[in-house]
1. Would you mind ranking V108, V382 so that the residue whose beta carbon has the fewest other beta carbons within 10 Å leads the list?
2. In the structure displayed, which of K56/K175; K36/K121; K36/K150; K24/K202 lie more than 32 Å apart, Cα to Cα?
3. If each residue's Cβ is checked for other Cβ atoms within 10 Å, how do M340, M83, M104 rank with the fewest at the top?
4. Using the 10 angstrom Cβ neighbour count as an exposure proxy, how do W63, W246 rank, fewest first?
Amino acid sequence: MSRQHRYILYCLLAMTILPGCANKTNWNVSLRKDDKNPYGTYLAYRSLQYFFPGAKTETISRWSRYDDIAEKDHRGNTSLLIMEGLDLYLSDIEVNSLIAYADMGNEVFIFASNLDGKLEKELGYSKVPGSSVCYEEIPLTEHNDGTDNKGALSLSNNKEPFGYYGRYIKGYFIKNTDSNHIAYNTVAKKGGIALYPDILGKTGGGPDIIRFKVGNGHITLHAAPLVLSNYFLLQPGNQKYIDALWNTLPAGITHVYWNEYYKHSADHSDFGVLWRYPATRNALLLAIIALILYILFEGKRRQKILPVITPLENSSVSFAETVGRLYYNKGDHSNLAEKMIQHFLEWVRNRYYLNTNYLNDLFIQQLSAKSGQKENMVRNLVEMIHEIRNGYKADEAYLYQLYNSIEQFYKSKPDGTY
């Protein structure tokens, strides 16, 4: 490690320790770049600008997908993608996208405790131990004091041991023994991924840092994500480890992307958990096709649209007006007067329930009492009715007077008001 880098790490060390003196230490694993607790990655992230001077550093959200990571390729320049966390599970699209990104001449550096099976098959190596339980999440106790992790690591370009009295860092990789490896390592068959990686570091069980040549770039796997933790880097001598680690990367890196995925699940991708397995993928496609067919053929109306029928209008009033106008235009006033009298007497029977067979004094008195009209007015109307029935030849003025007298009754209310 250069004197300048050592001085920088010591300064970062002071920045990490001093603020924490007044607070209780949090020993949980977070691997967050802004976490100054033992298992945060504050030191590792802050040191990037010094190990890669001139490179632009950009943070990728831990919830981001890698489907379009290849779009971050900078034509003619080399960029570095650092992915650090515990569980890394990828969709098929994400695996292909990461491989394509490296193939363009970029560097992918993955720190993972549990590595995705699809990526292991593509590269031909598996992580040991590999399970749903992260040993890194098991806290230290009096029976597990981290002694095994002291001096557990070594680098190919630096033979001295590295380690700490901390949580698990002894994961490693083994070559897949599956005879079908060449068959499912499709990229390797095309010559894109080297079948045999470079061993950059080892632990007691085997290689823990392996680098694959992918086209013009590389994919590097590290089995111990806690080597990026503040606690590991603050142990005496471990500054040399991170320095040697970054020095294995090619010079001239112009962009550094930092992604602290922590636990990345393919199940959260677009139908990732369903699309991941052929059986569920085919079932989902069949369901979608069936739904489309149902909408196309069963979504039609089984019954013809009923036409809107305009309701019949009450034309009795219009008919009466038309007939009246006809009689009036012909000058047959007596006939029209007779029709008006018949209609009036029908109205009296329905409204006042009076017998209209005998239009005598008793009728006049009853109609006057029920209608509220004056008796003289009712008597004059009854006399006009008798005149028409006795053959009186009505003229236009007489017809007009009869009409006005009858209208007085039509407009009156039951209480005699208008």
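Coordinate-derived values only; no laboratory data. Computed from a prediction, not measured in an experiment: that's the story for all the values here. Reconstructed Cβ throughout: ideal geometry from the backbone, glycine too, with neighbour counts over all protein chains shown.
1. Going from sparsest to densest Cβ surroundings: V382, V108.
2. K56/K175; K36/K121; K24/K202
3. M104, M340, M83
4. By the 10 Å Cβ count, ascending, the order reads W63, W246.
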